[in-house]
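Participant: The structure is given below, and queries will be raised subsequently.
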Amino acid sequence: MLQNVIIGQYYPASSPLHRMDSRSKLIAAFFYLFIVFLANNWITYGLLIAFTAVTISASKVPLRYLYKGLKPILILVVFTMLLHIFLTKEGDVLYKAGWFEIYEGGIIQGIFIAMRLLLLVLMTSLLTLTTTPIDITDGLEHLLGPLKKWKLPVHEFALMMSISLRFIPTLLQETEKIMKAQMARGADFTSGPIKERAKAFVPLLVPLFVSSFKRAEELALAMEARGYRGGEGRTRLRALQWHSRDTFALVLLISLTLSLFLLRS
Amino acid sequence: MEISIKQLEHRYMQGTPFERRALHDVNLQIPDETFLALIGHTGSGKSTLIQHLNGLLKPSAGSIKMGNTILEAGGKKQDLKPLRKKAGIVFQYPEHQLFEETVEKDIMFGPRNFGMSEEEAKRTASNVIEMVGLPQTVLSKSPFDLSGGQMRRVAIAGVLAMNPEVLILDEPTAGLDPSGRVEIMELFYELHQKNKLTTVLVTHSMEDASKYADEIAVMHKGELYLHGKPNEIFNERKALQEAGLDVPETVQFLLKWNEKSGQDLSLSAFTIEELAKSLGQALKKRGS
Ligand SMILES: Nc1ncnc2c1ncn2[C@@H]1O[C@H](COP(=O)(O)OP(=O)(O)OP(=O)(O)O)[C@@H](O)[C@H]1O
Ligand SMILES: [Mg+2]
């Protein structure tokens, strides 16, 4: 039922991307968010697509799997594309029927925007697909470490994040379980008018909240019992390690950025 | 209701790297009014199998026939409510499904969904709460103020209130105290006989299986491994051990007894009473 949500789901495999340090992947993904906006013509978009395609093939995540995770977002992409196609009034008129006109500029804009969205989503899902949640938060904690000087609770944030990530699958499982139990008692989550359907979720949400609170309490207790008292002086079982491939990846990204600057119009 | 399972296969998360075959080529006929115990090592696919019986899981291949309803792989979407009304499932740890403000409302949830009137549902609630051994005063309490064992009973009452023809029980007594266990099992057995139900009991307890079941089915690694009458199944000690199980303690005791005393007592004593009787007879024979 809830099997095609892949955000925050790690795809186990052994690929160069999986083996990269989570810090370099985080930096790269963050960087990528910005350079996507540099592209503004066919060549630069082509370059970005090529780069993304190479990254995807290096990740060894099957396309079919990636596509499944993208599906919910595709609607948004198509919607934005159509919006741009209909609302942009630049370039030659390609089609005209009464007040309804489609311009060449609109088509191009639509394609570019859709591409931009797709590229962004693809790269960020690659990050979570190839990096375990624990590694992501470890990396974040490292990268944000300097902010501790200003009394920002970086460690606590990282911990909160890793706990939430850790419990996403558990929560999904639990949801599915309770849904089934209520369906067995005649609850109907999939049909009927909106108002009825919203009401149908009460039997699902109440037990879910109850068990989440209970679980949070138990977790806090278990952590305290094992002597957890914050990040101060805490060492790691698995320390992050920066390799030459991480440097290489960042150099590659910087060259991509430079090329984008040179080729954009 | 007659249940007939043919070449059932189920894969979780089909089409993802996490795909996992949980059931493979399961063929099982359960005649009307049978009490079937489904046993098997943890992870052998028992829960997966029973969730097919009211359409909560769809078969990846094969088919299930529940009375007149047929559920098959790739079959058309159908309204499953009538089937779900007839086949009640008590899930593993059913206390997690409670959600209403009061116990009464929670028990009424199922009956109301299946179209029972408010008053009738209320009457049913007060009937079933007695059945599961709780006082009427509990009805007005919040289910979250009860103890774990009481919550379990309320959840069971919620399923019994639907008055199902097929009762599917997934380890209903796991985690209960010993006397609670016996009480609940006796309740199910009484209902089974009185209402002529078809009952499928998933259990880890060989003792319960031998005491109540007409037939036993053993699951192993997602396949139906053994199926037969209790005395047939419990003669296959090797096969049971292969599947990570063992014969009931009474049979284990008899095996040891025969070994130590050189006697040759019949191994078909599955309950304490039967064991005591057969030992008593053996001792009397030796005495005379
Ligand atoms: N929702 C699910 N998603 C993916 N895999 C699952 C899911 N539920 C069960 N499985 C897998 O299917 C297999 C069979 O599980 P199932 O719950 O049917 O076992 P079981 O016999 O009921 O075990 P237990 O005695 O522990 O309850 C297991 O290997 C389990 O990991
Ligand atoms: Mg189970």
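Participant: Using a basic spin-label model with each label point 7 Å from the Cα along Cα→Cβ, how many nm lie between residue A:63 and residue A:225?
Facilitator: Modelled inter-label distance: 5.1 nm.
Participant: Something else: Evaluate peptide B:143-155: per residue, the Cβ atoms of other protein chains within 10 Å of its Cβ; return the mean as an integer. Intermediate values should be presented prior to the final figure.
Facilitator: Numbers: counts 3, 3, 0, 0, 0, 0, 0, 0, 0, 0, 0, 0, 2.
Mean partner-chain Cβ count within 10 Å for B:143-155: 1.
Participant: Can you give the angle from 0 to 90° between the axis of helix B:148-160 and the longest principal axis of chain B, with both taken from C-alpha atoms, to the nearest 10?
Facilitator: Tilt relative to chain B: about 70 degrees.
Participant: For chain B, what is the mean residue ellipticity at 222 nm derived from helices alone (per DSSP H run of n ≥ 4: -39500 (n - 2.57); sum divided by total residues; nearest 500 deg cm²/dmol)? It would help to have the intermediate numbers written out before the result.
Facilitator: Working: 11 runs with 113 residues, N = 288.
It comes out at -11500 deg cm²/dmol, rounded to the nearest 500.
Participant: How many angstrom separate the Cα center of region B:65-114 from the Cα center of region A:153-225?
Facilitator: Here the two parts' Cα centres lie 21 Å apart.
Participant: Quick one: which of B:65/B:86; B:81/B:122; B:238/B:277; A:68/B:81; A:180/B:85; A:71/B:85 span more than 23 angstrom between C-alpha atoms? Write down the numbers at each step before the final one.
Facilitator: On the way: B:65/B:86 13 Å; B:81/B:122 21 Å; B:238/B:277 26 Å; A:68/B:81 30 Å; A:180/B:85 14 Å; A:71/B:85 35 Å.
From the list (B:65/B:86; B:81/B:122; B:238/B:277; A:68/B:81; A:180/B:85; A:71/B:85), the Cα-Cα distance tops 23 Å for B:238/B:277; A:68/B:81; A:71/B:85.
Participant: List the trypsin sites (Lys or Arg not before Pro) in region A:94-177 that DSSP assigns to loop (not H, G, I, E or B) and whose Cβ has at most 12 other Cβ atoms within 10 Å. Which are they?
Facilitator: On the way: sites: A:96, A:116, A:148, A:149, A:151, A:166, A:177; in loops: A:151.
Answer in residue order: A:151.
Participant: How much of the accessible area of the protein assembly as shown, in percent, comes from carbon and sulfur atoms when a 1.4 Å probe is used?
Facilitator: 59 percent
Participant: If you don't mind, there's one more thing I want to ask. Rounded, prolate or oblate: which fits chain B when a ≥ b ≥ c are the square roots of the eigenvalues of the alpha-carbon gyration tensor, with rounded for a/c under 1.5 and prolate only if a/b beats b/c?
Facilitator: On the way: a/c = 2.16, a/b = 1.31, b/c = 1.66.
Oblate is the answer for chain B, as a/c is 1.5 or above yet b/c matches or exceeds a/b.
Participant: So who's got an amide H within less than 5 Å of the one on residue B:23, skipping anything under 5 residues away but keeping other chains? H placed 1.01 Å off N, in plane.
Facilitator: B:10
Participant: Another question about this same structure. Give the long-range amide H neighbours of residue B:220: residues separated by 5 or more places, or on another chain, with amide H under 5 Å away, using H modelled in the peptide plane at 1.01 Å from N.
Facilitator: The answer is B:225.
Participant: Going by a ≥ b ≥ c, the root eigenvalues of the Cα gyration tensor, does chain A fall in the rounded group (a/c under 1.5), the prolate group (a/b larger than b/c) or the oblate group? Intermediate values should be presented prior to the final figure.
Facilitator: Details: a/c = 2.38, a/b = 1.20, b/c = 1.98.
Oblate shape, in that a/c is at least 1.5 and b/c is the bigger or equal ratio.
Participant: Could you work out how far helix B:118-131 tilts from the main Cα principal axis of chain B, as a 0 to 90 degree angle to the nearest 10?
Facilitator: Roughly 20 degrees, rounded to the nearest 10.
Participant: If a helix is a whole DSSP H run, which ones in chain A reach 20 Å or further along their own axis (Cα) and hold a mean Kyte-Doolittle hydropathy of at least 1.6?
Facilitator: Passing helices, by number: A:104-130, A:244-263.
Participant: Then there's this: Please give the calculated 222 nm ellipticity per residue for chain A, where each DSSP H segment of at least 4 residues contributes -39500 (n - 2.57) and the sum is spread over every residue; nearest 500 deg cm²/dmol? Could the numbers behind the result be given before it?
Facilitator: On the way: 10 runs with 182 residues, N = 265.
Result for chain A, helices only: -23500 deg cm²/dmol.
Participant: Using protein chains only (no ligands, no nucleic acids) and a 1.4 Å probe, work out which residues of region A:170-218 have their accessible area cut by at least 50 Å² relative to the chain alone.
Facilitator: Residues passing the criterion (a loss of at least 50 Å², heavy atoms only) are A:177, A:180, A:183, A:184, A:185, A:186.
Participant: A follow-up question, please. Chains A and B: buried accessible surface, both sides, probe 1.4 Å, rounded to 100 Å²?
Facilitator: Details: alone 17060 and 14820 Å², together 29630 Å².
Interface area, both chains combined: 2200 Å², rounded to the nearest 100.
Participant: Would you list which lysines come within 20 Å of residue A:25, measuring only between C-alpha atoms, while excluding same-chain residues fewer than 8 positions from it?
Facilitator: By straight Cα distance, residue A:25 reaches A:60.
Participant: Given A:237, A:39, B:116, which one lies farthest toward the positive end of the charge dipole of the protein assembly as shown, if we put +1 on the Cβ of every Lys and Arg and -1 on the Cβ of every Asp and Glu?
Facilitator: A:39
Participant: Same structure, new question: Step through the residues of region B:81-97 one at a time and calculate ³J(HN,Hα) from phi using the Karplus curve (6.51 cos²θ - 1.76 cosθ + 1.60, θ = phi - 60°), rounding each to whole Hz and writing x for Gly and Pro.
Facilitator: 4, x, 5, 5, 5, 7, 10, x, 10, 9, 6, 4, 6, x, 4, 6, 9
Participant: May I ask you to derive the FRET efficiency for residue A:261 and residue B:174 from their Cβ-Cβ distance with R0 = 56 Å, giving the value to the nearest 0.05?
Facilitator: Values: r = 64 Å, r/R0 = 1.15.
Efficiency, rounded to the nearest 0.05: 0.30.
Participant: Could you order the peptides A:233-245, B:234-246, A:211-223 from most to least packed, using the average number of other C-beta atoms within 10 Å per residue? Before the final figure, lay out each step's value.
Facilitator: Working: A:233-245: 8.8, B:234-246: 15.8, A:211-223: 11.9.
Result, highest mean first: B:234-246, A:211-223, A:233-245.
Participant: Over the Cα atoms of region B:1-134, what radius of gyration and what Dmax do you get, in Å?
Facilitator: 17.1, 50
The values are calculated or read from the model by the stated rules, or taken from the named source; none is laboratory data. Owing to the predicted nature of the structure, the values given are computational and were not obtained by experimental measurement. Ideal geometry is used to build each Cβ from the backbone, glycine not excepted, and the neighbour counts take in all protein chains shown. Just the protein is used for accessible areas: all its heavy atoms, side chains included, with ligands, DNA and RNA removed. Shrake-Rupley method; radii C 1.70, N 1.55, O 1.52, S 1.80 Å.
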